[in-house]
Amino acid sequence: MKHMIVRLGLPALLTAALSGAAVAQDGVLPAEETPIAVQETMPAVSKFATVENPFDLSWADQPFNAPPFDYIKPEHYLPALKKAIAGHEAEIEAIVQNREEPTFENTLLAFDRSGLDIERVLLVLLNIESAHSTPELRAIMPEVLRLETAHSDEVYMNPFLFRRIKRLKNQADQLNLSEVEQRLLDETYKRFVRCGAELNEADRNRLKEINGRIAELEHAFGNHVLAATEAYKMVVNDEAEIDGLPDDYRQAAKDRARENGNKGWQFGLDNPSVMSALQYVGNRSLREMLLQAYLQRCQATDAENDNEAVIDELLRLRLEKANLMGYPTFADYVLADRMASTPAKVYELLDKVYTPGLAKAKEELAMMEPLLAADESDKTAFTAADWRFYADRIRREQYDLDENELRPYFSVDAVRGGIFELCRRLYGLRFEDVSKQVAMPTPNTTAYACYDADGSLLGLLYLDMVTRPGYKGSGAWNTNYVNQRMEAGKRFTPVTSIVTNYAAPVGDKPSLLTLDETETFFHEFGHALHSLLANVPYRGLADVPLDFVELPSQIMEHWAVAPEMLQFYAKHYETGEPMPESLVKKIDAASKYGQGFATTEFTAAALLDMDYHTQTKYGKKPVQVEKFEQQQLGKKRGLIDQIPPRYRSTYFSHIFTGMYAVGYYGYLWAEVLDSDAFDAFSETGDIFNPTVATAFRKSVLENGGMYDAMRMYRNFRGREADVQPLLRNRGLLD
C-alpha cells in the first residue's frame, strides 16, 4: 500500500509515491564500487545538537538528505509545526499582496514552492507515528491534526489567492505555457475547487467544520484498531493445543509470552501471529476463537474502542461534504478525480471479477468440505476458521507444495537481495547499505542509498521489516520522509521507507517469509521505486490518481514468483543453495490455486467500500455495520459465510482513516494495468527486457502526475489495458 496523507491539500505532501558492474551476492553494491564519495560515519558533533529544535535547520546538506532522527524528540513537533504554519501564512500573504498582474512565476510557481517547512515536519511526524507510535506521539496527534486541517482549509479557501489562480486559468491561452506548466495550472485550479474555493462563505465555514471533524474521527478510528489489536492476548499453556504450528512461529509465540510475563505460548491479532495459527494449527476451537477475536475488533461491545459510532458519523459527514460540493454521493465526489471517474465504472469492473471469483471459491469449498467431514465426527459445518487450514492441506496434498518447505528460501535478506538484483537488471540501479552513515527513524531499521547506472544518487531507502506489537500499524506500506523536488535546476533526492510486519528473527534463524509476504515485499518496493525514480519539476504534480498509484507496485509482484526470478534469488538461508527446480515448478503449478478465495475476499471488501459511499442518505437511526455487511454482501451478492471480506467494517482502516475511502477498488483497477503491462515484458521472451523496462521507467515511474494517467499508460503500451490478462492470471477464465 502506498501510504499517503491527503487531509492536507498542500502540494504533494506524501506522494501516492539491465546491465552494469557486478553486485554482491545479496544485491548490495560492494564498498569499492561506491559511485560517489560518502562519509564513513556520522559526524561526531552535529549542527543539530546546537539548536533548540532540529526543525529550525535544513537537512538538505546532510548525507543522502536524511532527516536527523536521532535529534528529533516528540516535544519538537508542535512548536515546529506552528512555526512552519506561520511561515506558510506569510508566504501566502506575500502572493496575495502582490500588486502585479498574476503570472506563472509570481503566483503559481510561488504557491508551488510554499509550505516546504510544513511538509518537512509532517512527513517525519506522521510517518513515525504510523510506524512506531508511542504514548507521547499519540498525545499530540489531535492538536497536530487540528492545526493541519484548519491551515489547509484556510489556504485552499482563501478567496484572494484563488482569485489570482482563477485569473491565470481564465487567461491560460495568453500565457504561452509549456504542456507541463499548463498541467500544473489545471491541477492546482482543480485542487482549489475540490477543496471548496468556489463555495459561498457559509458553506466554506461548514466545510471547514466537516474537515476538522473528519480528521479527528479518522485518527480515532486508527487508534482504536491499534489499541484493540494490542489489547488482545491469547495464552496457551498446553503445547499440544498448537500442534501443527511450525517451529519458528511456535518459538515466536513462546518469546511473546515470556516478554509479557506469561508461561506457555501467546498469540495476538497482528497478522504474523493470527494468520500462522489459522493456517497451521489443527486445534479447531483455538482457530475459531482467534478468528472471532480478529473479526470482531472495535465493535460497539468494546466501549473504549468502538468504531461503529465513528463509522456512522464519518459516513454522514462525508456525504454532507459531497453534497456541499455538488455531488449526490461521496463516491461521485472522490471518483471525479480518479481514472475510473464514476461509481458505475468501478462496479462494472468489480462485478466482472467478483462473479467468477465467487464461483471459483465455491469450487474450492467443495474440495475442502470432505476433508473436514473426515476429521470431525459430529458433521459440523465448514466455517471461515477452517478455510486457510484445509486450503493449506490441499496445497500440500494435491500440489505437493508445503509453505514451510518454501520459507527457508525466502529469508528477508534473500528477498531483498533478489529485488536489488532485479532493479539492476531492469533499470541499472545500485543499492548500498549506508546504515552506519545515517540516523534511523524507527527501531530495527536499515538504510540503503540508491544510485542510477551513471553513479548519480537517486535517493535513500529505509527498510523497517519486523512487527512491533503496540507500536506499529498493521499491514505493510511505503511512504516518504522527504519528497523528491526540483529547485533552481537541482534535483533534491527523496527519502523513502518500506514498513512491513514480518515475524521477527528467532534465535539464529532470520526472519523467514511466506510466499505471500515475499510478494508483499516486492509490491512495496515497487512503490519505493516510484518515489526513488521520480523526476518531477513541480511539487503540485507529484501525485497520481489512487487507482494508478498501485501499478508500479503490483507489476513487481509478477517478478516475485516468476521461475526465472526464483532461480536466482530464492536461496536457502542455511546452505545458500538455490531453490530446487522441482520446487519452482510446484509454485508455478499451484499459482492459480486459492484464487477463488483471494479474489472473493478482496472484491467483497472493495464492494463494501463502494456500497457505504454510494448512499444518498442515511436514516435517523445509526448505521448498523454488521447488518449493512450482511445486506450488501450476503443477501445482495451471495457472499458465502465461509469467506468474510478481507476487512470487516470496524477495522477497515484503508477506507476509514482517509486515504483509500472509495479507493480500495484501486488495487483491482491497477491489476488490470499491471497484468497487461507485465505482458509487455513476457511477449518479448525476456521478462528482464531492458528496452521495455526503460519505456516503463520513462512513461510511468519518472513522471509523477505530469501527464494524464491513461495517457502515460498508452505511451508505454501503445493502447489501453485489457482485462483478460488479469482474469487469466487469476485462473478465472473458462
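Taking every residue in the stretch 420-440 that is assigned to a loop (DSSP other than H, G, I, E, B) and pairing it with any residue that is surrounded by fewer than 22 Cβ atoms within 10 Å (Cβ to Cβ) and β-branched (Val, Ile, Thr), at least 6 positions away or on another chain, the pairs with Cβ-Cβ distances below 7 Å are Val434/Val38; Ser435/Thr446; Lys436/Thr41; Gln437/Val38; Gln437/Thr41. Taking the stretch 187-213, which residues are within 19 Å of Pro537 (Cα to Cα) and more than 27 Å from the chain's Cα centre (by Cα)? Within the stretch 187-213, Tyr189 is the sole residue that qualifies.
Considering Ala309, Ala331, the condition of being in a helix (DSSP H, G or I), modelled with pLDDT of 95 or more and open to solvent by 10 Å² or more (accessible area, probe 1.4 Å) is satisfied by Ala309 alone. Of all the listed residues (Arg297, Arg256), the sole one being of a type in the set (Lys, Arg), outside any helix (DSSP H, G or I) and crowded, with 18+ Cβ neighbours inside 10 Å is Arg297. Tell me, yes or no, whether the stretch 647-661 has at least one residue that is closer than 24 Å to Asp312 by Cα, open to solvent by 40 Å² or more (accessible area, probe 1.4 Å), under 18 Å from the mean Cα position of the chain (by Cα) and among the polar types (S, T, N, Q). The answer is yes, given that some residue of the stretch 647-661 is closer than 24 Å to Asp312 by Cα, open to solvent by 40 Å² or more (accessible area, probe 1.4 Å), under 18 Å from the mean Cα position of the chain (by Cα) and among the polar types (S, T, N, Q). Across the stretch 428-463, the qualifying residues are those that are surrounded by fewer than 21 Cβ atoms within 10 Å (Cβ to Cβ) and of a type in the set (Asp, Glu), and the one among them that is nearest to Tyr651 (Cα to Cα) is Asp433. Given the criteria within 23 Å of Ala476 (Cα to Cα), in contact with a helix residue (DSSP H, G or I) (Cβ under 7 Å, 6 or more places away or on another chain) and assigned to a helix (DSSP H, G or I), does Leu137 qualify? When the stated conditions are applied, Leu137 passes them. Figure legend. Inter-residue proximity from the stretch 478-505: first residues farther than 20 Å from Pro63 by Cβ and part of a loop (DSSP other than H, G, I, E, B), second residues among the aromatic types (Phe, Trp, Tyr) and modelled with pLDDT under 95, beta-carbon distance below 8 Å, spacing 6+ or different chains. Indicated pairs: Ala503/Tyr249.
Scanning the stretch 396-427 for residues that are surrounded by fewer than 19 Cβ atoms within 10 Å (Cβ to Cβ) and modelled with pLDDT of 95 or more gives a single hit, Asp413. Name every residue in the stretch 354-395 that is in contact with a Phe, Trp or Tyr (Cβ under 7 Å, 6 or more places away or on another chain) and either exposed (fewer than 14 other Cβ atoms within 10 Å of the Cβ) or basic (Lys, Arg) (or both), in order of residue number. Listed by number, the list holds a single entry, Arg395.
Might you let me know whether the stretch 66-73 holds any residue that is part of a helix (DSSP H, G or I) and either at pLDDT 95 or above or surrounded by fewer than 19 Cβ atoms within 10 Å (Cβ to Cβ) (or both)? No, the stretch 66-73 contains no residue that is part of a helix (DSSP H, G or I) and either at pLDDT 95 or above or surrounded by fewer than 19 Cβ atoms within 10 Å (Cβ to Cβ) (or both). Of the residues making up the stretch 584-618, just one is surrounded by 18 or more Cβ atoms within 10 Å (Cβ to Cβ) and over 29 Å from the mean Cα position of the chain (by Cα), namely Lys586.
Taking the listed residues Val6, Val45, the one that is modelled with pLDDT under 95, within 30 Å of Leu541 (Cβ to Cβ), among the aliphatic types (A, V, I, L, M) and open to solvent by 70 Å² or more (accessible area, probe 1.4 Å) is Val6, with no other qualifying.
In the stretch 418-438, what count of residues is obtained for those that are small (Gly, Ala, Ser) and under 16 Å from Phe688 (Cβ atoms)? Lay out the reasoning, then the answer.
Let us first name the residues in the stretch 418-438 that are small (Gly, Ala, Ser), namely 418, 428, 435.
Filter once more, so that each one left must be under 16 Å from Phe688 (Cβ atoms): 418, 428.
Adding up the residues that qualify gives 2.
Is one or more of the residues making up the stretch 259-266 out of contact with any helix residue (DSSP H, G or I) (no Cβ under 8 Å at 6 or more places or on another chain), part of a helix (DSSP H, G or I) and over 30 Å from Glu148 (Cβ atoms)? Yes - at least one qualifying residue is present in the stretch 259-266.
Restricted to helices (runs of 4 or more DSSP H) entirely inside the stretch 508-595, those with at least 3 residues that are of a type in the set (Ser, Thr, Tyr) and within 24 Å of Asp413 (Cβ to Cβ) are 515-532. One residue alone among Glu218, Glu187, Glu148, Glu198 is in a helix (DSSP H, G or I), open to solvent by 20 Å² or more (accessible area, probe 1.4 Å) and of a type outside the set (Gly, Ala, Ser), and that residue is Glu187.
The values are calculated or read from the model by the stated rules, or taken from the named source; none is laboratory data. Small disclaimer: the values here were computed from a predicted structure and weren't measured. When we count neighbours, we look across all protein chains shown, and the Cβ atoms used for this are built from the backbone with ideal geometry, even at glycine. For the accessible areas, the whole protein counts, side chains as well, though only heavy atoms, and no ligand, DNA or RNA atoms are used. Shrake-Rupley method; radii C 1.70, N 1.55, O 1.52, S 1.80 Å.
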